[in-house]
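Trainee: Can you keep this structure in mind? I'll have questions shortly.
The values are calculated or read from the model by the stated rules, or taken from the named source; none is laboratory data. Given the structure is predicted, the values throughout are model-derived calculations rather than measurements. In this analysis, Cβ positions are derived from the backbone assuming ideal geometry, glycine residues included, and neighbour counts consider all displayed protein chains.
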Amino acid sequence: MNTQMNFSQQNFKVHGVKFFDGLLNIVKLENERKELPSSALATYILLHFECNDIGMLPREFQIMDLAKKSGIPYTTIYTGFQVCLERRLVKETPVGNRTVYEVVDYALYNHTAA
């Protein structure tokens, strides 16, 4: 019986949200420091659907739109977003004369960013 298997490099395209191990570890550490409410965890995950390859949310991003898309009540998303800001999982970043939101360290862990 031959137990040797030959593997070749294959490329797969996976559809869905990018959520990196490094960011998961940050969330776990933050949760150990002080428990993150489920609204913050849900919002944080949803933000990954909206951000670009460097973690920036669109200039036109609104919490209300995230609530409508997800079907989660606005107050839950709003509260979760505020916790993400307070706990520095998300930050405000000046771009030109506007301020946009950024998922902290997203670009650091996204090795596919151009």
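Trainee: Within the range 16-39, which residues are surrounded by 11 or more Cβ atoms within 10 Å (Cβ to Cβ), more than 11 Å from the chain's Cα centre (by Cα) and hydrophobic (A, V, I, L, M, F, W, C)?
Mentor: Of everything in the range 16-39, those that are surrounded by 11 or more Cβ atoms within 10 Å (Cβ to Cβ), more than 11 Å from the chain's Cα centre (by Cα) and hydrophobic (A, V, I, L, M, F, W, C) turn out to be I26, L36.
Here's the yes/no breakdown for (1) free of Cβ contacts under 8 Å to residues at least 12 places away in the same chain; (2) out of contact with any Lys or Arg (no Cβ under 7 Å at 6 or more places or on another chain):
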{"residue": "K68", "(1), (2)": "yes, yes"}
{"residue": "Q82", "(1), (2)": "yes, yes"}
{"residue": "L89", "(1), (2)": "no, yes"}
{"residue": "V100", "(1), (2)": "no, no"}
{"residue": "D105", "(1), (2)": "no, yes"}
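Trainee: Now for a different question. Can you find a residue that is assigned to a loop (DSSP other than H, G, I, E, B), among the hydrophobic types (A, V, I, L, M, F, W, C) and touching a Ser or Thr at 6+ places or on another chain (Cβ under 9 Å) anywhere in the range 16-27? Show your work before the answer.
Mentor: As a first pass, look at the range 16-27 and keep what is assigned to a loop (DSSP other than H, G, I, E, B): 16-20.
If we keep only those that are among the hydrophobic types (A, V, I, L, M, F, W, C) too, we end up with 17, 19-20.
With touching a Ser or Thr at 6+ places or on another chain (Cβ under 9 Å) added as a condition, the list becomes none.
No, the range 16-27 has no match at all.
Table: residues versus (1) of a type outside the set (G, A, S); (2) assigned to a loop (DSSP other than H, G, I, E, B); (3) in contact with a helix residue (DSSP H, G or I) (Cβ under 9 Å, 6 or more places away or on another chain); (4) at pLDDT 90 or above.
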site	(1), (2), (3), (4)
A42	no, no, yes, yes
L46	yes, no, yes, yes
F49	yes, no, yes, yes
I54	yes, yes, yes, yes
M64	yes, no, yes, yes
G80	no, no, yes, yes
V83	yes, no, yes, yes
E92	yes, no, yes, yes
V100	yes, no, no, yes
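Trainee: Please pick out the residue among T93, T76 that is of a type in the set (S, T, Y) and under 26 Å from E32 (Cα atoms). Show your work before the answer.
Mentor: Details: T93 fails: under 26 Å from E32 (Cα atoms).
After applying the criteria, what remains is T76.
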